Each structure stands twice: as structure tokens, then as C-alpha cells.
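Have a look at the structure below, then the notes.
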Amino acid sequence: MTAAIDEYPADSGSFGAADLVDRERPLVIRGLARDWPVVQLARQSDTAFAQRLAELDNGTPVDTLLIPPQYDGIVGYTPDLGAFNYAHHRVTLTQGLQRLAQYSRQEHAPGLAIQSALIDACLPGFREEHALPFIDASVQPRLWIGNRVTTPAHFDAYSNIACVVCGARRFTLLPPEQLPNLYIGPLDFAPTGAAIGMARLDRPDDPRYPRLPLALAAAQVAELHPGDAIYIPPMWWHHVESLERLNALVNYWWQPTTAAGRSSDLALGALFHCILGFGALTPGEKAGWKNLLDHYVFGDGDAAAHIPAERRGMLGSMTPEQVEQLRQRIRRYL
């Protein structure tokens, strides 16, 4: 049994950055983008929405996936996992919208998804009329458009706010600890770069994935319509279904920057390095390294509390110079 995602009370006034401070659970914000002009047009008709985007389109090619009808619009693999189940194209936004209009008249149409298009690059002028004031201006919004396409469970290492601007999307979110129950595909051969769950959430009885019902029992679900938004914390798995003939979403990813750089990018690289470094060790060695990582990285306590602050080195607050020295030291191990 799935649960509803927490919602920001619609009558509580303006939503802002303070509402996300230290938040570690997803949140639906109804009507966050209700006043955006394209949202108003989408409520009139798909045609009015598409025409406005075409007016703003400067002809910059965007990444577009075309999925054959037999895959039910699900982004993923061919049956033997030998290839991805879509063809990748670079077309203008207007060309993609025209193809979507054509497919809307077909009963068994291919899936089409315009992915992660940088709005400033392809729709100059859009951001002036469509902004979230509490999002830093340096965070570039991205546009996602398609028909009835599903992106299986995957995670982002960044904080994410996604605003539905046309159509409807159903978000199924699962906490990070559900990883073992989601049957994630290859990390180094993943559609659109993000490792995805191989089990279909609408087939909980698939014998290949016996732990999937455990994940579904922990799932949180919300359906969003034009103007609605959702906050997805870093590392939460999210499965996204686009429900209409034309669906569009604008999202914002951001992450904290530390003296060492963008922390999430460093963490993902560390995961890959850990797989390389620890994967072939004996069980005893793995247990020893797990203790070290728990103590120095993942533990709740301060592993350096007994060391004078000026002598903590990499265990303390590092200057940019110390970060660069540590980078040089790491390179010697690679």
C-alpha cells in the first residue's frame, strides 16, 4: 500500500527557500507555478501551450528519445540488456512538438521524450516570465516534454524542484534505503546516464523481482497537474509517469558547493572508486574498510574530536590549498 506524499498547505502563504531548509523528505507544493503564463495556456489547451513554446524556440537542437511502441513508453533496455530501447535524436523543440501532435492522433504511437533541455539555450525569454524567486539565478531551469513516457526509478545526487506545466505526471518516490528492493540496472550502462530500476512498478508479481513488493510498501505517490510542483531530496528514488498525450515539466537541480567543489559530483566519483577499490577484497578486508568508512565518513560522531583543531588535516575544515594537496595525494593512488 502506497502513501501520499506530504503536501505544503495551500493556504499557508508564499512558499520559499526557508521551507526546504534541512528537509530530507519529499514535498508536493500545489499551485507553486499556477501564475506562469504557459501554465495558463496549458489549462486552455495543448495547442495553445505548444504554440507559445514554438514562438519562443530559437532553433537550438535538444536531446530527444524515440521509443518503439512495443516498449509502452518506458525508457530502458532491450530484452537482452544489450542496448537501450530508444533511438537518440537531436531536433528543435518545434520539430519535437510537431511530432508529438502527429503521435497524439495515433492509438499505438511511439514514445517521445525531449530530455533535460536547457531553457536558456533553446527558449530565450522564457525565464523572464517563468521564475521561482527563491531559486538562485545561477540554477538553470530544464525542460522535459513528451507523450505517455515513463522514466523508471532512479536517483539524483542533487536537490530537485520539478514543476508540471502541461499535462499530468505521477511521481512514485522511494527512500534511499529501498535500493536493494528496486533491482537497479548497470551503473556504467544506464539510459540517459542515470542508473534505473529494472522492475516495472505496475508488475509487483514478476517472479524475477521478488523483493519489489517491499519497495512498493514504502512508496509515496502524488499526481501533479499544471502549476503543481514537487521537491525531491537528494538520493531519493523517483519513478515518473507522464499521463497525457502532451506533458511538460520544468525542473531545477542544485547542490551545495564546498571547498572541495560540488559535493555531489565528488560523492558519485567516490562511489565508482569504492567499487574499483573494494569490490575484489576478501570479506574480512571489506568488513575492516567498512568500519573505517563508518567511523570517518558515515558515523554520527566527530572522529577527530580528540585531535587539536589545527592538526586535524583532512578530518577538519580544509582550505582550498589543503583540498588541492589531498587531490594530488588521491591521484597517486589511481
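Here are the numbers:
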read-out	value
One residue from 326, 266 being surrounded by 12 or more Cβ atoms within 10 Å (Cβ to Cβ), in contact with a helix residue (DSSP H, G or I) (Cβ under 7 Å, 6 or more places away or on another chain) and outside any loop (DSSP other than H, G, I, E, B)	326
Number of the exception - residue 158 against (1) surrounded by fewer than 21 Cβ atoms within 10 Å (Cβ to Cβ); (2) hydroxyl-bearing (Ser, Thr, Tyr); (3) in contact with a Leu (Cβ under 7 Å, 6 or more places away or on another chain)	(3)
Residue count for region 274-286, restricted to those that are within 33 Å of the chain's Cα centre (by Cα) and either of a type in the set (Phe, Trp, Tyr) or surrounded by 11 or more Cβ atoms within 10 Å (Cβ to Cβ) (or both)	6
When residues of region 115-159 are limited to those that are charged (D, E, K, R) and in a loop (DSSP other than H, G, I, E, B), the one farthest from residue 34 (Cα to Cα)	156
Verdict on residue 57 being within 25 Å of the chain's Cα centre (by Cα), under 30 Å from residue 198 (Cα atoms) and in contact (Cβ under 8 Å) with a residue 24 or more places away in the chain	no
Residue list for region 162-208, filter: in contact (Cβ under 8 Å) with a residue 40 or more places away in the chain, out of contact with any helix residue (DSSP H, G or I) (no Cβ under 8 Å at 6 or more places or on another chain), of a type in the set (Val, Ile, Thr) and not in a loop (DSSP other than H, G, I, E, B)	164, 172, 192
Subset tally (residues that are more than 14 Å from residue 146 (Cα to Cα) and either in a strand (DSSP E or B) or of a type outside the set (Asp, Glu) (or both)) for region 48-66	9
In region 288-317, the residues that are more than 32 Å from the chain's Cα centre (by Cα) and of a type outside the set (Val, Ile, Thr)	288, 303, 304, 305, 306, 308, 309, 310, 311, 312, 313
Test set (1) surrounded by fewer than 20 Cβ atoms within 10 Å (Cβ to Cβ); (2) more than 24 Å from residue 44 (Cβ to Cβ); (3) hydrophobic (A, V, I, L, M, F, W, C) - residue 101 fails condition number	(2)
Qualifying residue in region 15-31 (condition: in the same structural domain as residue 215 (by TED's automatic domain parsing), of a type in the set (A, V, I, L, M, F, W, C) and surrounded by fewer than 11 Cβ atoms within 10 Å (Cβ to Cβ))	yes
Filter result for residue 108 (under 30 Å from residue 200 (Cβ atoms) and modelled with pLDDT under 95)	yes
Any hit, region 95-116, residues being among the charged types (D, E, K, R) and within 28 Å of residue 254 (Cβ to Cβ)	no
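Yes or no, residue by residue, for (1) over 24 Å from residue 223 (Cβ atoms); (2) charged (D, E, K, R); (3) modelled with pLDDT of 95 or more; (4) over 25 Å from the mean Cα position of the chain (by Cα):
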residue: 5; (1), (2), (3), (4): no, no, yes, no
residue: 9; (1), (2), (3), (4): no, no, no, no
residue: 15; (1), (2), (3), (4): no, no, no, no
residue: 26; (1), (2), (3), (4): no, no, yes, no
residue: 47; (1), (2), (3), (4): no, no, yes, yes
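The values are calculated or read from the model by the stated rules, or taken from the named source; none is laboratory data. It should be emphasised that the depicted structure is a prediction, and the values quoted were computed from it without experimental measurement. Glycine gets a Cβ as well: all are built from the backbone with ideal geometry, and neighbour counts include every protein chain shown.
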